[in-house]
Structures are given as C-alpha cells and as structure tokens.
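These notes concern the structure reproduced below.
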Amino acid sequence: MDAGKSKGGFFSTFSIADPEGSTREGLGKTQKRNRRVFVCIPCHRRKLKCDKGQPCSRCVQSGTPNECIYQQAPSQKQESAPESDGATRVDVQAAQQRSPESSTSRGRARLDGVTHWRTMAREFEEAWPYISGTDPQWAPRHQQILGLEGLFPSLPGTNFPFGNAFTYSQSRSQVLESLPPPQVVNTLIQCYFNSFESTHRLVHRQQFGDELNAFWINREQFSEGWLSQLCMMLALGCQAAPGRVLRGTGRTAEDWTALFLDAAQFFFGQSPYFASPTLTTVRTLCLAVIARMTEIVKGTEMSHLVFLMGFVTRLAMTMQLHRRTSVLPEMTPFEAEMRKRIWITIQLLDLDIAMRTGTSYLNREWDVDAPLDVNDSNFHRSEQGWVIDTRWASPGGSTDSSFQIKLTSLLPVLMEIINTTNSPTQLRMEYERVRALDKQLRQKLQDAESILSLSPYGPTENLDKINNTQIHFLRVLVHRTLLALHHDYVCAPRAGKYPDSTLAATQSSLALLRTYQVWHTPPAATAVGVQTRASSSSASSTLFEPLDQSVSPLSWLTDLCHDDFGAAMFHLIVALRRGDLETIQHGGLPSRSVASNILHQNLEFVRARACRSIPHFREFVALFVAAGCLESFDAGEPFLPTLLEVAGQIEQTVLQGGQELLWTQGSHPFSGQAGLPPDPFVYGYSQ
C-alpha cells in the first residue's frame with residue numbers, strides 16, 4: 001500500500017450501536033450485509049469518490065482533515081481486540097504525527113483560531129486525547145460514535161444557494177403553486193420580521209409589505225431575485241413560527257423548510273446574480289448565510305460558511321456598499337439607508353463566521369456611516385418613491401435603528417480583537433492593551449443597553465421584547481469576544497498568572513450560559529428546570545439524566561448562536577478542571593457546585609438539540625466527552641469506564657430520541673417572554 005494510504009472503512013447495514021450484530025434488549029436482532037466500501041465517513045455521506053488517504057485529499061481540500069475517519073469493520077471480533085488495539089495505536093499515532101493540529105504550540109492553534117471550540121478544549125490536556133479520539137483504547141469506540149453521523153439527513157446542500165434543487169422541467173408557475181396559502185405565507189413573514197430581522201436587519205418592513213400585497217395580486221410582475229428572497233424569508237420564518245401556523249397545511253415544518261430552500265435556490269439560479277446583482281441579490285445571499293448558520297441547510301460543512309461569506313463580501317464591495325453613500329450623490333436617501341443597513345449586517349455575519357470557524361475577519365477597510373436614528377415608520381411611499389420624513393422622528397430613546405447604530409460602534413473593536421487573536425502570525429496583545437479593550441467593550445455594551453432599554457413611546461410591549469432580544473444578542477457577541485481577548489492570558493503556559501483575565505473569562509462564560517438558559521427555557525418553566533448534579537461521586541449518576549425538554553421560545557436564536565454557548569461550556573469545563581473558581585476570591589463568582597449545576601443544565605440543552613444537524617451532533621459529542629472526563633477527574637477515577645457509559649448515552653440520544661428532537665419548533669418567538677435580567681458581568685473585573 002502506498003505511503004500515506006490506510007485501509008479503507010466498512011459501510012454496511014450493520015447497527016452502529018451494536019457492530020457485532022448481537023441482539024440487544026429492545027432493539028431486536030440486527031441485519032447485516034457483507035458489503036465493504038473503502039471510503040472515509042465524510043466522503044461516504046457526501047457520495048464522493050475517496051482516495052482512502054489518511055486524511056484523504058477531499059477532506060484536506062474541504063478544510064476538515066481532522067474529520068476524515070473510517071468506520072471499523074463489522075466483522076471484527078472481540079477476541080482479537082488486543083491485536084486490533086495495537087494496530088489502532090500505531091495508526092492513531094501516525095495520524096497524530098501528520099495532523100496539523102499536533103504541531104501547534106500550546107494555547108494557540110494554528111488552523112483553529114482562538115475562537116474555535118477545539119482551541120479551548122485542548123487546554124483540558126488530560127481529556128483532549130478522548131475529545132479528539134486519539135487515545136488508542138478509546139479511538140475505536142469514538143469512531144463508532146462519529147459513525148452515527150450517517151443517520152443524519154444528507155441533502156444536496158453542499159452548493160447552496162448555487163445548486164439546482166428542482167429539475168429543469170419544472171417551471172416558475174409550478175414552483176409558485178407549491179407555496180402555502182397567503183395567510184400562512186403572511187404569518188411566516190411576520191415571524192421572520194419578529195425574529196431574524198431584529199438582529200440581522202436587511203429588509204424594510206413597510207416596503208416589503210407593499211411588495212407582498214402586490215405579489216398576491218399579480219405574481220408574474222416580480223423577478224426571480226425577489227422570489228428567491230421571499231422563499232429564504234419563509235424558510236427562516238419556519239424556524240420561529242408557532243406550531244399552530246403550519247398545522248393543517250399537510251406538511252411538517254421540516255418539509256416546508258426544505259421546499260422553501262429548494263424554491264429559493266431554484267429562483268436564485270434563474271436570476272442574473274452574476275451579471276447584474278442588486279440589493280435584493282445581496283439580501284438573498286445574506287439570508288442564505290443565516291440559513292447555513294442555523295444549520296437548516298443539511299449536508300454542509302463549517303468551511304462552506306467561509307467560502308459563501310467571502311463571495312457575499314466581495315460582491316457587496318463591487319457594488320460599493322462598503323463606501324460612504326456620499327460618493328454616489330444621485331442615490332436617494334432611502335436607498336442610501338438600505339445600503340447602510342445591508343452592509344452593517346454583512347459585517348455582523350462576517351464577524352459571526354470568523355468566531356465560529358476560528359478564522360479572520362475578511363474586510364477591514366470600510367467607511368460606511370451609521371444608519372439614521374429613525375424608525376421604519378419614518379419612511380413612506382410618495383410619487384417620487386420611498387422618502388424619509390424626519391418631522392416625527394423620536395427626540396430621544398430607542399428607535400428601529402438603535403441596534404445597528406450601537407453595533408456600528410462596536411464592530412471596529414470586535415474586529416481588532418478577533419483578527420488579532422485568531423491570526424497565526426500576529427503577535428500576542430500586550431496585557432495593558434487587553435485591559436483597555438476589555439474596558440472599552442464593556443462600556444460600549446453598557447451604553448447600548450441603556451439606549452435599547454428606553455422606549456420614547458412608553459411601554460410598547462412588542463418593542464420592548466424585540467429590544468430585549470437585541471440586548472441579549474449584543475451580550476452574547478461581547479462576551480464571546482471577551483473570551484477570545486483573554487484567551488492567551490488564561491491558558492497554558494500563563495494559566496493562573498493573570499487573575500484578572502481568569503476572572504473575566506470565567507465571568508463571560510457564565511454570562512453566556514445564563515443567556516443560553518433564558519433563551520432555551522420556556523417562560524413557564526421553573527428557575528432550574530432540569531435535574532442537577534448530586535453530591536455523589538458517581539460519574540454517571542445524574543449528569544446524563546434525560547431531560548423532559550419543553551419548547552424554547554427563542555430556539556431560532558439558540559441555533560444561530562449555538563457555537564457561542566459551546567465555547568463557553570468548554571471554558572467553564574477547563575475552569576472547573578483548574579479550580580479557578582476556588583482560587584479567585586472576588587468578582588461575585590458562584591461556588592463550584594453552583595457552576596457545575598449551570599454546566600450540567602446547559603449540557604442537557606445541548607443534548608436536546610443534538611439531532612438538529614451534524615454540527616450540533618459533533619458539538620454534543622465533544623462536550624459530553626469533556627464533561628465525562630471532568631467527572632472522572634474530580635472523582636479520581638479512570639476516564640475510560642465513564643466514557644464508555646457516556647458513549648451509550650450518546651447513541652441512545654441519537655438512535656432513540658433523534659427523530660423526536662429533529663426540527664423542534666418553537667412557539668411564537670416573543671410570546672410570554674420574561675423581562676430582561678441584568679447582566680451581572682457587564683462592569684467587569686476590578687481594575
């Protein structure tokens with residue numbers, strides 16, 4: 001066999017949970033088929049040709065060499081385990097020597113930047129061989145767990161939104177006829193505006209409302225680009241819609257989402273997005289990025305986000321969206337405002353993706369002014385088109401534009417931090433600069449909260465709820481950035497030498513997890529809502545008890561930011577491993593037992609959404625393995641026995657509960673939302 005090649009994997013109809021084909025209680029006898037396929041799991045799932053390398057060339061080209069694994073043969077017998085373990089040990093060690101991440105320095109990953117969850121997970125040095133699956137004894141079981149990815153939907157979403165969803169024989173009218181009734185469409189659009197549009201502003205509500213009304217009168221007058229944008233908004237609206245909206249339509253929310261995504265891709269392919277892009281083109285692409293971030297586009301990888309975002313940013317720059325509108329004097333004020341709104345959202349998406357993937361911010365040179373401090377109602381249609389009427393503009397308090405105005409002020413600081421910390425070449429920040437940026441970020445967050453908490457029109461319920469969501473979102477953005485800012489001073493070899501950074505990072509991780517609880521827990525739930533860890537030293541007594549999970553009113557936002565909470569959990573796990581909560585005597589941190597309960601509650605939230613997508617599942621596996629290692633570490637017990645029990649719990653979650661948890665739909669995104677609790681960590685550590 002050539003150098004760099006390894007024996008291929010096996011794929012058959014044998015049970016992933018029971019590869020020996022033995023009869024398990026409640027599962028029955030499994031059926032096997034002796035068909036061998038010498039490909040890695042990612043290539044098999046994507047139905048691509050694999051060169052059987054370790055890693056294979058396709059996984060290397062897709063930027064995921066660490067995910068190139070091969071399923072064990074179902075015919076391997078338990079009695080040959082010692083010989084097999086020896087072979088596995090050699091193969092794993094060889095793969096680790098070739099792996100790019102094994103050549104990185106401690107505390108700084110060269111391929112996965114500071115904001116990637118893997119970077120913080122490596123700080124739990126005793127657990128990392130188990131999290132990464134490189135421990136020789138654990139590796140075979142770990143590969144079986146990852147093999148569960150084959151049970152997830154593998155839709156042709158790799159090229160979304162540039163693929164061809166429908167057959168060429170289908171016409172525009174046939175696709176339009178497949179849309180739901182007008183009342184359902186209007187409700188889904190309303191759900192979109194009350195959810196995703198509140199944090200990622202792209203569309204003017206009144207203008208789109210007029211266009212939608214005209215669409216129901218005459219569908220033929222609208223371009224394919226506009227129809228693609230409509231279908232993208234409907235797909236996202238499904239994620240925030242109450243279950244009753246789609247009840248009685250004959251389709252599930254999953255079915256409607258898939259149909260809307262296919263229709264959006266169909267219409268987008270018919271539009272001249274390359275030859276003559278418009279603002280509608282850029283909006284549609286931004287909505288596609290959001291769809292990928294929420295993982296409703298199945299069969300995709302995290303690296304695809306970076307490729308798509310690069311295309312969106314460059315396209316927007318060719319349209320001069322990154323420049324002041326004064327360079328185009330013939331532009332109407334309304335169009336100028338829409339261009340500002342879209343560009344700020346593009347920068348927010350770019351930042352979101354840089355943090356999720358551990359990469360750098362793409363565009364650092366732009367001079368767009370902040371949007372005008374007006375409400376959408378200040379725009380109205382006239383004979384000359386849409387114009388701005390500032391006579392009734394609010395003299396004080398928050399407006400529809402306040403969120404983006406404050407975001408425009410935050411972005412340069414966030415950009416500097418993410419680009420510096422995620423870069424493999426830039427020098428580490430001096431500690432005084434870290435402290436200064438920390439103080440600046442917290443002050444800007446406090447200013448934003450003070451503005452967004454004010455309503456110039458008195459107690460307007462809907463406005464307050466949307467503003468609460470915006471404040472929560474800004475808190476997540478800032479605290480995730482603070483984790484990156486302090487990373488180099490809380491990790492080896494500086495761990496424990498900078499107590500202010502240790503405190504700040506622990507505060508931010510707890511603030512993120514408390515936000516996760518608010519987003520995930522229904523308003524009627526109790527303050528705790530889940531079973532907590534008992535004082536027993538048993539590693540599996542209560543940590544992985546099933547959760548009677550109710551529906552979250554903000555599930556769309558939970559999915560949009562799930563990586564932020566995953567990173568926070570890894571930070572807290574490492575802090576508990578190092579005993580940071582015991583060594584820090586100030587800062588209002590909770591006790592170790594309270595922090596452990598917060599961690600375990602959030603782990604159950606992760607389990608509840610583990611089957612939503614492959615990225616959710618991978619995050620779920622890594623976190624539960626890390627938590628199992630922490631339990632064993634605290635109890636002074638070996639890791640492997642506990643992890644074998646954890647593996648069984650992971651399989652049970654996917655095989656038995658996966659279909660029930662897949663496509664969990666929330667109630668109305670703001671129905672019954674409780675008031676916004678203050679952030680106890682806004683003011684930071686002692687200066």
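The values are calculated or read from the model by the stated rules, or taken from the named source; none is laboratory data. For clarity, every value in this text was computed on a predicted model and none was experimentally measured. Cβ sites come from the backbone with ideal geometry, for glycine too, and all protein chains shown count toward neighbours. Remember, those area values only see protein heavy atoms, side chains included, never the ligands or the DNA or RNA. Shrake-Rupley method; radii C 1.70, N 1.55, O 1.52, S 1.80 Å.
Screening segment 375-389 for residues that are farther than 21 Å from Arg283 by Cα and assigned to a loop (DSSP other than H, G, I, E, B) and picking the one that is least open to solvent (accessible area, probe 1.4 Å) gives Asp389.
One line per residue, one yes/no per condition, for (1) at pLDDT 90 or above; (2) out of contact with any helix residue (DSSP H, G or I) (no Cβ under 8 Å at 6 or more places or on another chain); (3) in a strand (DSSP E or B); (4) surrounded by fewer than 22 Cβ atoms within 10 Å (Cβ to Cβ):
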site: Arg339; (1), (2), (3), (4): yes, no, no, no
site: Ile344; (1), (2), (3), (4): yes, no, no, no
site: Leu348; (1), (2), (3), (4): yes, no, no, no
site: Arg356; (1), (2), (3), (4): yes, no, no, no
site: Ser360; (1), (2), (3), (4): no, no, no, yes
site: Asp367; (1), (2), (3), (4): no, yes, no, yes
site: Trp392; (1), (2), (3), (4): no, no, no, yes
site: Pro395; (1), (2), (3), (4): no, yes, no, yes
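Here Glu416 clears all of (1) at pLDDT 95 or above; (2) within 27 Å of the chain's Cα centre (by Cα); (3) among the charged types (D, E, K, R) except the condition numbered (1). Those helices (runs of 4 or more DSSP H) of segment 34-130 in which at least 1 residues are closer than 30 Å to Pro641 by Cα and modelled with pLDDT of 75 or more, considering only elements entirely within it, cover 41-46, 117-121.
Given the criteria open to solvent by 10 Å² or more (accessible area, probe 1.4 Å) and either over 19 Å from the mean Cα position of the chain (by Cα) or β-branched (Val, Ile, Thr) (or both), does Leu227 qualify? The answer is no for Leu227.
Comparison of Arg428, Arg435 shows that the only residue that is touching an Asp or Glu at 6+ places or on another chain (Cβ under 8 Å), farther than 21 Å from Gln470 by Cβ and at pLDDT 95 or above is Arg435. Scanning segment 258-294 for residues that are in contact with an Asp or Glu (Cβ under 6 Å, 6 or more places away or on another chain) and over 21 Å from Arg339 (Cβ atoms) yields Phe267, Gln270, Thr294. Which of the residues belonging to segment 424-447 are touching a residue at least 12 places away in the same chain (Cβ under 8 Å) and either surrounded by fewer than 16 Cβ atoms within 10 Å (Cβ to Cβ) or of a type in the set (D, E, K, R) (or both)? Across segment 424-447, the qualifying residues are Pro424, Arg428, Tyr431, Arg435, Asp438, Lys439, Gln440, Arg442, Lys444, Gln446, Asp447. For segment 273-296, check the following and say yes or no: at least one residue is part of a loop (DSSP other than H, G, I, E, B), within 21 Å of Leu179 (Cα to Cα) and open to solvent by 10 Å² or more (accessible area, probe 1.4 Å). Among the residues of segment 273-296, not one is part of a loop (DSSP other than H, G, I, E, B), within 21 Å of Leu179 (Cα to Cα) and open to solvent by 10 Å² or more (accessible area, probe 1.4 Å), which makes the answer no. Within segment 297-320, if we keep just the residues that are part of a helix (DSSP H, G or I) and polar (S, T, N, Q), the residue that is nearest to Ser276 (Cα to Cα) turns out to be Thr318. The single condition from (1) closer than 30 Å to Ala495 by Cα; (2) among the aromatic types (Phe, Trp, Tyr); (3) modelled with pLDDT of 85 or more that Phe544 fails is (3). Scanning segment 488-501 for residues that are open to solvent by less than 10 Å² (accessible area, probe 1.4 Å), assigned to a helix (DSSP H, G or I) and over 11 Å from Asp438 (Cβ atoms) yields a count of 1.
If you check Ala484 against the conditions, is it within 26 Å of the chain's Cα centre (by Cα), closer than 17 Å to Met120 by Cα and in a helix (DSSP H, G or I)? Yes, satisfied. Filtered by the rule that a residue be in a helix (DSSP H, G or I) and either open to solvent by 30 Å² or more (accessible area, probe 1.4 Å) or modelled with pLDDT under 90 (or both), segment 324-337 gives Thr325, Ser326, Val327, Pro333, Glu335. Checking Leu151 against (1) modelled with pLDDT under 90; (2) in contact with a Lys or Arg (Cβ under 9 Å, 6 or more places away or on another chain); (3) open to solvent by 30 Å² or more (accessible area, probe 1.4 Å): exactly one of these is not met. Which one? Looking at each condition in turn, Leu151 falls short on (2). Taking the condition over 20 Å from Phe379 (Cα atoms) and either touching a residue at least 24 places away in the same chain (Cβ under 8 Å) or crowded, with 16+ Cβ neighbours inside 10 Å (or both), does Gln320 pass? Against the criterion (over 20 Å from Phe379 (Cα atoms) and either touching a residue at least 24 places away in the same chain (Cβ under 8 Å) or crowded, with 16+ Cβ neighbours inside 10 Å (or both)), Gln320 does not qualify.
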